[in-house]
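For reference, the structure discussed in these notes is given below.
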Amino acid sequence: MSIDVRTIAESELPSWLGAVATGFLTATPVTESDIVQRAAYTDLTRTQGAFDTDTGRCVGTFRSFAQQITVPGGAQLPASAVSNVTVSPTHRRRGLLGRMMRAELSAAKERGDVLSTLIAAEYPIYGRYGYGPATAVSEWEIDVPRTGLDPRWAAPADGGRIDLVDAAEMRRVGPAVHERLRAATHGAIDRPERWWNLATGLEEISVRPYKPRFFAVYRSAAGEVEGVVSYLADDHWTDAKVPLNTVEVKDLIATTVAAQRALWHYLCSIDWVMKVRTGYRAPDDLVPLLLPDPRSARLVTDADYLWVRLLDVAAALGARTYAVPGSLVLEVTDPAGLAGGRFRLVAGTGAAACAPTTEPADLRLDVARLGSLYLGDGSAVRWAALGGIEELRPGALALADAVFRTARRPWCPDVF
């Protein structure tokens, strides 16, 4: 069986989209509207397909796009975001993903991308290509009657207010809130206009039908929009006509603690709602502690999320800030030959510097483990215990943990 891996032509989009649907176990037919939308926003030069030359059928898919990611300290770095990765079940174990991934990473390095990012559907796949889990997410289910909140709550106590708005207003005010959040949240990524169009129903794709949502905004006493939320609600009642409805949060972003508190309290005050599912939040999100009884928020998800692969070690390490000053020589191994070498990191609470060096190494680690440490969530000591990092100078592991870790854990609010 011969498989041709190449960037696709626009005429091949229908077959490519069909393969994406197959890979993600979606039997929804690809519509003409789906094809038109994909053609409008997809960079075909960054879209690969694997084609069975006997049948002409697309049996593997791979796409990347330009992304900006915030790193500790607030710098925003260019990344190549990987998405729509599939191999059809009839063509697995033939090295198709490896061929597409190698082509993508070489191209991303050539473009000057500092990082590559993805959200892994399966954990074991991407470490072999140099990606490491760099952020995690948690989701809570709030048992509303147990929160201890006053069910008669009607407005924030800080002089602010919450207003229900329509989709058009959400598209108008939401992006500015997100940009302020992104500037202050390491791990956050940019949201293009199409993200807001899909999130508010202006655009729709058949494989992910849009469900109408409620939208609300929090305005401070000064009238500034400091938080927004979109959510769904089900319609579940007992035979005795007792409401058991659940609110499902699709997106809640806020730039102040006051806005977070007000929005969560609002969601827990809606008549008939017995439970609130928070959606994916940062593992150290404040939401449980914003409730009088934090135990009313039951943890239901705790998992890896954004994976990071460094392509330019010196640029990446030099761009972020660090919790404490320190100097480390890192020997980075990279089987793909893209980012390996020996580098001296001089870290500080302000500007940092990183450059190649020939000095003796303090730590030896592969590029995937460095990706896990990069945004401040991973532990060098834990990875060393598992054999992923080798300490070559006594004390270097403890210093690496102190240097790389951040006070708040990184958070990527978005899937892509």
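The values are calculated or read from the model by the stated rules, or taken from the named source; none is laboratory data. Since we're looking at a predicted model, the values are computed, not measured. Cβ atoms come from the backbone with ideal geometry, glycine included; neighbour counts cover every protein chain shown. Only protein heavy atoms, including side chains, enter the accessible area calculation; ligands, DNA and RNA are left aside. Shrake-Rupley method; radii C 1.70, N 1.55, O 1.52, S 1.80 Å.
Any chance the stretch 283-293 includes a residue that's modelled with pLDDT under 95 and either charged (D, E, K, R) or in contact with a Gly (Cβ under 9 Å, 6 or more places away or on another chain) (or both)?
Filtering the stretch 283-293 for residues modelled with pLDDT under 95 gives none.
Scanning the stretch 283-293 turns up no residue that is modelled with pLDDT under 95 and either charged (D, E, K, R) or in contact with a Gly (Cβ under 9 Å, 6 or more places away or on another chain) (or both).
Here is a list: Thr301, Thr349, Thr358. Which entry is modelled with pLDDT of 95 or more, open to solvent by 10 Å² or more (accessible area, probe 1.4 Å) and more than 21 Å from the chain's Cα centre (by Cα)? Steps first, please.
Numbers: Thr301 fails: more than 21 Å from the chain's Cα centre (by Cα); Thr349 fails: modelled with pLDDT of 95 or more.
On inspection, the qualifying residue turns out to be Thr358.
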Tell me which of these Thr47 doesn't satisfy, since it passes every other one: (1) out of contact with any Ser or Thr (no Cβ under 7 Å at 6 or more places or on another chain); (2) open to solvent by less than 50 Å² (accessible area, probe 1.4 Å); (3) modelled with pLDDT of 95 or more.
(1)
Within the stretch 273-297, how many residues are surrounded by fewer than 16 Cβ atoms within 10 Å (Cβ to Cβ), farther than 21 Å from Thr185 by Cβ and out of contact with any helix residue (DSSP H, G or I) (no Cβ under 9 Å at 6 or more places or on another chain)?
1
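With respect to Gly18, determine if the residue is open to solvent by less than 30 Å² (accessible area, probe 1.4 Å) and assigned to a helix (DSSP H, G or I). Give the steps one after another, and end with the answer.
On the way: open to solvent by less than 30 Å² (accessible area, probe 1.4 Å): yes; assigned to a helix (DSSP H, G or I): yes.
For Gly18, the condition - open to solvent by less than 30 Å² (accessible area, probe 1.4 Å) and assigned to a helix (DSSP H, G or I) - is met.
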Kindly indicate the residue of the stretch 207-230 that is touching a residue at least 60 places away in the same chain (Cβ under 8 Å) and either assigned to a strand (DSSP E or B) or within 23 Å of the chain's Cα centre (by Cα) (or both) and also nearest to Glu248 (Cα to Cα) among those meeting that condition.
Ser230
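Can you tell me which of Val82, Val71 is touching a Phe, Trp or Tyr at 6+ places or on another chain (Cβ under 9 Å), free of Cβ contacts under 8 Å to residues at least 60 places away in the same chain and on the phi < 0 side of the Ramachandran plot? Lay out the reasoning, then the answer.
Details: Val71 fails: free of Cβ contacts under 8 Å to residues at least 60 places away in the same chain.
Going through Val82, Val71 in turn, just one is touching a Phe, Trp or Tyr at 6+ places or on another chain (Cβ under 9 Å), free of Cβ contacts under 8 Å to residues at least 60 places away in the same chain and on the phi < 0 side of the Ramachandran plot: Val82.
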Taking interchain pairs and intrachain pairs at least six residues apart, which have beta carbon atoms under 8 angstrom, with the first residue in the stretch 286-302 and closer than 16 Å to Pro151 by Cα and the second among the hydroxyl-bearing types (Ser, Thr, Tyr) and surrounded by 13 or more Cβ atoms within 10 Å (Cβ to Cβ)?
Leu291/Thr147; Pro292/Thr147; Asp293/Thr147; Ser296/Thr147
Tell me, yes or no, whether the stretch 254-271 has at least one residue that is outside any helix (DSSP H, G or I), within 30 Å of Thr42 (Cβ to Cβ) and either within 25 Å of the chain's Cα centre (by Cα) or at pLDDT 95 or above (or both).
no
Is it the case, given these coordinates, that Thr321 is open to solvent by less than 10 Å² (accessible area, probe 1.4 Å) and within 19 Å of Thr135 (Cβ to Cβ)?
no
Tell me, please, whether a residue that is of a type in the set (Gly, Ala, Ser) and either closer than 30 Å to Leu198 by Cα or surrounded by fewer than 19 Cβ atoms within 10 Å (Cβ to Cβ) (or both) can be found in the stretch 375-383.
yes
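Name the one entry in Glu110, Glu104, Glu32, Glu12 that is open to solvent by 30 Å² or more (accessible area, probe 1.4 Å) and touching a residue at least 12 places away in the same chain (Cβ under 8 Å).
Details: Glu110 fails: touching a residue at least 12 places away in the same chain (Cβ under 8 Å); Glu104 fails: open to solvent by 30 Å² or more (accessible area, probe 1.4 Å); Glu32 fails: touching a residue at least 12 places away in the same chain (Cβ under 8 Å).
Exactly one residue qualifies, and that residue is Glu12.
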